[in-house]
Amino acid sequence: MASIPSRASKAASDAELIARAQRGDEEAFAALFEVHKRRVYSLCLRMTGDTAEAEDLAQEAFLQLFRKIGTFRGESAFSTWLHRLVVNVVLMHLRKKGLQQVSLDEPDGSQDEPVKREYGDDDKRLLHSIDRITLSRAIEGLPPGYRAVLVLHDVEGYEHNEIAQILDCSVGNSKSQLHKARLKLRELLRSQRLPASMSGS
Amino acid sequence: MQEQGGNGAAHWASAACRDFDAQLSDYLEGGDRSAVAMHAAECAFCGTILSDLLLVRSASTELEEDEPPARVWANVRATLVAEGLIRSPRERRRWVEWLLSPIPAAAVTAFVLLSVFTTRNLLHRYHQLAAQKVVRLAVDVDPGLQQSVSEMEAAFRAHSAHLNPTIKRAYEEDLESLNGEIKECHDTLARQPDDNLSREYLVSAYTEKARVLESALELGDGDGR
């Protein structure tokens, strides 16, 4: 039961910081940034696969957050509100870039290439663990549509019905794109596989 | 069906392999597909795919978060300062200097005096009536106290739009709860006019409501915006 008081105290702490930020308190803005910066930046980085874009988008997301903070009424958890805002900022950016495959119901040939099934003496399983740098690099190498679904589901923990709503596609499409994304990620990891990047713990 | 490996090794996909492919996605999503696990245990090729995908899924779930560069906050802060959402200490000093210059100082003083005069009149009446109420506690709620509380509530409603939304909400919730208590006491007294306990609760609720309103009105004159 230890998580309940800690969640409650975090919510209380967020609420206090929000109330102070609504009055223009600089320390409160800085504290809110400090608490949420890693999650926001990481989401931007994983969704775009580019550090410069991730910096710009994290900055834009925080600016939008702070401009709108006066309208936050506490109906949902602050972190949920912020997270949805960040996802919207990133998707808007990807769509502006013309990456139509972010909308998963629109067919896109580049994502339907067959997933390779390879088998051979030197082509065994991915051992027992993957280091984070290798995995991050492989996720960055995914096509944007695959990357969006995989990041939202496997990394950020969204459910398929939420992803369908966010990406404006069907639940079935979200599931099928996730499966293809995992297979593609496996393929990328196998092609990147180097003795130094794989640990056999 | 034959599939060619990257090193030239061939894998013959059986009907069970094709069923495995078709059911793998559901299995990874938690669906009841025991045939998938059974086939993976028998077929080395499909077993490798399954163990790899389970590893990919768990590694993605546990991926650590990255630290953004310090310039992200520097840029955010600079924009917030430029847009006036937060004020730098230097800018706050400029405001103080401006407020202390003769013409704004006179205007602000006049405004503050007017606000204080208006609020003080209401509060003065409330304190007078509250003092009388102590003597008459066992008798009834002073109609003057009710009237005073009503006027303070009207003043609060008229100016609450300027309050910080969170603070405003807190006051409104307090008032709503007290109004509920007051109504309950009135209802009980309508049925049982001799219920002195309800009468005492009623006086207490009005006194508390006046105290809450006094605090809200003082905040409205201060820095609660």
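For region A:134-151, which positions are touching a residue at least 60 places away in the same chain (Cβ under 8 Å) and charged (D, E, K, R)?
The answer is A:E140, A:R147.
Across region A:143-165, what is the total count of residues that are surrounded by fewer than 22 Cβ atoms within 10 Å (Cβ to Cβ), away from chain B (no Cβ under 11 Å) and touching a helix residue (DSSP H, G or I) at 6+ places or on another chain (Cβ under 6 Å)?
5
Out of region B:13-33, which residues are surrounded by 13 or more Cβ atoms within 10 Å (Cβ to Cβ), assigned to a loop (DSSP other than H, G, I, E, B) and away from chain A (no Cβ under 11 Å)?
B:S14, B:R33
Does B:S150 satisfy the criteria of being at pLDDT below 80 and hydroxyl-bearing (S, T, Y)?
It is false that B:S150 is at pLDDT below 80 and hydroxyl-bearing (S, T, Y).
Which of the residues belonging to region A:181-201 are touching a Ser or Thr at 6+ places or on another chain (Cβ under 9 Å) and either crowded, with 20+ Cβ neighbours inside 10 Å or modelled with pLDDT of 90 or more (or both)?
Across region A:181-201, the qualifying residues are A:R182, A:L185, A:L189.
Quick one: in region A:48-78, of everything that is on the phi < 0 side of the Ramachandran plot and small (G, A, S), which residue is surrounded by the most Cβ atoms within 10 Å (Cβ to Cβ)?
A:A58
So that you can scan it fast, the table gives a plain yes or no per residue for (1) in contact (Cβ under 8 Å) with a residue 60 or more places away in the chain; (2) assigned by TED's automatic domain parsing to the domain that holds B:L123; (3) more than 25 Å from B:H124 (Cβ to Cβ):
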{"position": "B:V149", "(1), (2), (3)": "yes, yes, no"}
{"position": "B:I167", "(1), (2), (3)": "no, yes, no"}
{"position": "B:E176", "(1), (2), (3)": "no, yes, yes"}
{"position": "B:E181", "(1), (2), (3)": "no, yes, yes"}
{"position": "B:E184", "(1), (2), (3)": "no, yes, yes"}
{"position": "B:R191", "(1), (2), (3)": "no, yes, yes"}
{"position": "B:L197", "(1), (2), (3)": "no, yes, yes"}
{"position": "B:Y201", "(1), (2), (3)": "no, yes, yes"}
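Hey, can you tell me all the residues within region B:58-86 that are surrounded by 18 or more Cβ atoms within 10 Å (Cβ to Cβ) and of a type in the set (V, I, T)?
Matches in region B:58-86: B:V72, B:V76, B:I86.
The values are calculated or read from the model by the stated rules, or taken from the named source; none is laboratory data. Predicted model only: the values in this text are computed from it and were never measured. Here the Cβ is made from the backbone with ideal geometry for all residues, glycine too, and neighbour counts use every protein chain on show.
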